[in-house]
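Trainee: Please see the structure below; I have some questions.
The values are calculated or read from the model by the stated rules, or taken from the named source; none is laboratory data. None of these values were measured; they are calculated from a predicted model. So basically every Cβ, Gly included, is an ideal-geometry build from the backbone, and we count neighbours across all protein chains shown.
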Ligand code: PYC
């Protein structure tokens, strides 16, 4: 049996490890899920105490944001990497807690990221095929590691909050989209097509929509910022998928994967519109052609009618095991400020 603290070797270090150069070392595994990278911190992060993940996320942001900036900003990171800090869980029956972050700040849940976390824990021999519970900032999420190493994430309750909301986008006019929650907030817009040859113009369009939502005060429940923009078009091949998306993340980069929380938001919209039945599979293709399979069950209780519990299945691969070094003499050890 593991104690709560050494279960996944989440060994908080307040003081730098003893070594001749007084360097701080961070033990991490990199994965990618459908092309989207996740950097998973096993050890070397700050001690955030024993509270719920939301409270620990606030402490991390307030007292130790250096972890995020050092690992995600250049020169170590990039705008399209999501970070995942493993934590001892509050409930000893959970596999771990996890706090997700990116180049701009912190995000509540991350579907591709949690698939990466499960792959990394399996790689280190810390979990076996089966079902495992994780504590996230937005609630508990269940992950099943299958024998073929694919992973199914049973996400938090997801829902369409508003249907076909109009926003005035400079240079484009009125754009209509659904506002939906899938662990993060999304504005989902149907488009005739999302073409991987048009990455620049897709990104620019999403940035304009995001700015217009902000400027016009269009928000999610409780005034939450809608920080993910999701454009939808037909799949590249109907044999492969049911739809293709392009998701612009809060840090200004697009998701290479089909986006787990974005697919959850899409499932919630399809369910609310009566276009997808309980248990039916929706295959969501990303802009690079990777695919997640999604399905849902009704949420026992949700903030709105037709809230769903989405299950998203995908696969992650380990790409690196890294011992990051923060040299006190390096003026850019905490990343290049943006
Ligand atoms: O897979 O949920 C996701 C996600 C959120 C941001 C980037 N990926």
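Trainee: Could you give every pair whose Cβ atoms fall below 7 Å, whose first residue belongs to region 254-275 and is without any contact (Cβ under 8 Å) to a residue 24 or more places away in the chain, and whose second residue is more than 9 Å from the ligand (Cβ to nearest atom) and not in a helix (DSSP H, G or I), counting only separations of at least 6 or pairs across chains?
Mentor: From residues that are without any contact (Cβ under 8 Å) to a residue 24 or more places away in the chain, the pairs are 270/276; 270/282.
Trainee: In addition: Looking at the structure I just gave you, is residue 76 surrounded by fewer than 15 Cβ atoms within 10 Å (Cβ to Cβ), farther than 11 Å from residue 87 by Cβ and either over 17 Å from the mean Cα position of the chain (by Cα) or away from the ligand (no atom under 15 Å from the Cβ) (or both)?
Mentor: The answer is no for residue 76.
Trainee: Now, a different point. Determine which member of the set 331, 303 is without any contact (Cβ under 8 Å) to a residue 12 or more places away in the chain and either part of a loop (DSSP other than H, G, I, E, B) or farther than 16 Å from residue 81 by Cβ (or both).
Mentor: From the options 331, 303, the qualifying one is 331.
Trainee: Here are some residues: 133, 160, 104, 124. Which one is surrounded by fewer than 17 Cβ atoms within 10 Å (Cβ to Cβ), within 19 Å of residue 309 (Cβ to Cβ) and modelled with pLDDT of 95 or more?
Mentor: Within the list 133, 160, 104, 124, the selection yields 133.
Trainee: What are the residues in region 228-253 that are in a loop (DSSP other than H, G, I, E, B), within 21 Å of residue 82 (Cβ to Cβ) and at pLDDT 95 or above, if any?
Mentor: 249, 253
Trainee: Let me ask something else about it. Are there any pairs, at least 6 apart or on different chains, whose C-beta atoms fall under 6 Å, with the first in region 97-114 and touching a residue at least 24 places away in the same chain (Cβ under 8 Å) and the second within 11 Å of the ligand (Cβ to nearest atom) and in a helix (DSSP H, G or I), and if so, which?
Mentor: 100/113; 109/261; 111/260; 111/261; 112/260
Trainee: Among 35, 111, which is closer than 24 Å to residue 290 by Cβ, modelled with pLDDT of 95 or more, crowded, with 23+ Cβ neighbours inside 10 Å and within 16 Å of the ligand (Cβ to nearest atom)?
Mentor: Selected residue: 111, the only one of 35, 111 that is closer than 24 Å to residue 290 by Cβ, modelled with pLDDT of 95 or more, crowded, with 23+ Cβ neighbours inside 10 Å and within 16 Å of the ligand (Cβ to nearest atom).
Trainee: Return yes or no: is residue 29 in a strand (DSSP E or B), away from the ligand (no atom under 16 Å from the Cβ) and either closer than 20 Å to residue 120 by Cα or touching a helix residue (DSSP H, G or I) at 6+ places or on another chain (Cβ under 8 Å) (or both)?
Mentor: Yes; evaluated as a whole, the condition is true for this residue.
Trainee: Give just the number: which of (1) farther than 14 Å from residue 311 by Cα; (2) in contact with a strand residue (DSSP E or B) (Cβ under 8 Å, 6 or more places away or on another chain); (3) within 16 Å of the ligand (Cβ to nearest atom) does residue 138 not satisfy?
Mentor: (2)
Trainee: Determine whether residue 292 is within 23 Å of residue 232 (Cα to Cα), within 12 Å of the ligand (Cβ to nearest atom) and buried (at least 24 other Cβ atoms within 10 Å of the Cβ).
Mentor: Here the answer is yes, as residue 292 does meet what is asked.
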